[in-house]
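This report concerns only the one structure given below.
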Ligand SMILES: C[S@@+](CC[C@H](N)C(=O)[O-])C[C@H]1O[C@@H](n2cnc3c(N)ncnc32)[C@H](O)[C@@H]1O
């Protein structure tokens, strides 16, 4: 049986499930009451995307983008070949669960699948199955690659992780039929708008300190110059008449003299909201933090 509501099929750094109730307050009703296009240039696991797909039947289409090719390929596989993917994942799940009780064997299985993934010789469906397997079983659901684009996250310590959530994968596949998938830099998404378009931008966050934050999801860091380039993109969206909402870390909460975002986005509305961070290497730091929600809407 197909479940009704699609939800993220991955664990992802910066996943927004915890923040949806805050984010939804800033979606302009005047925009979402009629046909509209939704664009998410840094989609990750798509918590906001799925919320939008489940809540707005009047949505004309959604456009998602990410610089992570493995991720976008996996969305594509789920969209076009969910049954084949599910069959592969069921086999992997059975094999992995049958090793329960032997950490050594689980470890060997994990690293074997990881090196198969890194060979990048499999067809797309198999590569996507390996990607989902690694995401569900690795340390904290991280995605990290080295300079050679090799995924290098170690095994996590989950006892019997769900690797194949069949009903959700089918629901995701159905929901994605309305979604255009793009792979590459966020700026290309401006070519995929219509006159009534809402953007939700969730870039890699500016680190709160040198060591606190993990922000290299793919090759190349999202540094301050990138944050500035993103602000210039928001200016462009604004002058083209598009609505946007953007999340980022509240660096001022950590250091009262750090006005980086307050200065950068001085022309727009900046709200501070409470967020629960899920991915943080240090358990005691997984608490409540303030995050920024910035928008060109009048709220
Ligand atoms: C904070 S995460 C998004 C989290 C997402 N909202 C969720 O719920 O899982 C940021 C994403 O931006 C992507 N990214 C990094 N640099 C990018 C770029 N220049 N253009 C597009 N995407 C980029 C990363 O691969 C990552 O998936």
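Would you point out which residue out of 230, 208, 245 is in contact with a helix residue (DSSP H, G or I) (Cβ under 9 Å, 6 or more places away or on another chain), farther than 19 Å from residue 184 by Cβ, at pLDDT 95 or above and surrounded by 15 or more Cβ atoms within 10 Å (Cβ to Cβ)? Give the derivation first.
Numbers: 230 fails: farther than 19 Å from residue 184 by Cβ; 208 fails: at pLDDT 95 or above.
On inspection, the qualifying residue turns out to be 245.
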Testing residue 54 on (1) surrounded by fewer than 16 Cβ atoms within 10 Å (Cβ to Cβ); (2) under 20 Å from residue 4 (Cα atoms); (3) not assigned by TED's automatic domain parsing to the domain that holds residue 231, one condition comes back false. Which one is that? (3)
Given region 1-116, what helices (runs of 4 or more DSSP H) lie entirely inside it while holding 2 or more residues that are under 30 Å from residue 233 (Cα atoms), within 16 Å of the ligand (Cβ to nearest atom) and touching a residue at least 24 places away in the same chain (Cβ under 8 Å)? 20-23, 47-55, 69-80
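Please go through region 124-159 and pick out each residue that is over 21 Å from residue 94 (Cβ atoms) and in a loop (DSSP other than H, G, I, E, B). Steps first, please.
Within region 124-159, the subset over 21 Å from residue 94 (Cβ atoms) is 124, 139-154.
Scanning region 124-159 gives 142, 143, 144, 146, 147, 148, 149, 150, 152, 153, 154.
Of the residues 46, 15, which single one is closer than 21 Å to residue 248 by Cα and surrounded by 22 or more Cβ atoms within 10 Å (Cβ to Cβ)?
Numbers: 15 fails: surrounded by 22 or more Cβ atoms within 10 Å (Cβ to Cβ).
Exactly one residue qualifies, and that residue is 46.
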The number of residues in region 188-201 that are in contact with a helix residue (DSSP H, G or I) (Cβ under 7 Å, 6 or more places away or on another chain) and either more than 16 Å from the ligand (Cβ to nearest atom) or part of a loop (DSSP other than H, G, I, E, B) (or both) is 1
Going by what's in this entry, would residue 117 be described as under 24 Å from residue 176 (Cα atoms) and crowded, with 19+ Cβ neighbours inside 10 Å? no
Can you name the number of the only condition in (1) touching a helix residue (DSSP H, G or I) at 6+ places or on another chain (Cβ under 9 Å); (2) modelled with pLDDT under 95 that residue 159 fails? (1)
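In this structure, does residue 82 turn out to be over 21 Å from the mean Cα position of the chain (by Cα) and either under 27 Å from residue 17 (Cα atoms) or surrounded by 15 or more Cβ atoms within 10 Å (Cβ to Cβ) (or both)?
no
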Which members of region 49-58 meet the condition of being under 21 Å from residue 17 (Cα atoms) and out of contact with any strand residue (DSSP E or B) (no Cβ under 6 Å at 6 or more places or on another chain)? 50, 51, 53, 54, 55, 56, 57
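The values are calculated or read from the model by the stated rules, or taken from the named source; none is laboratory data. Since the structure is predicted, the reported quantities are computational estimates derived from the model, not experimental observations. For neighbour counting, all protein chains shown are included, and Cβ atoms are generated from backbone atoms with ideal geometry for every residue, glycine included.
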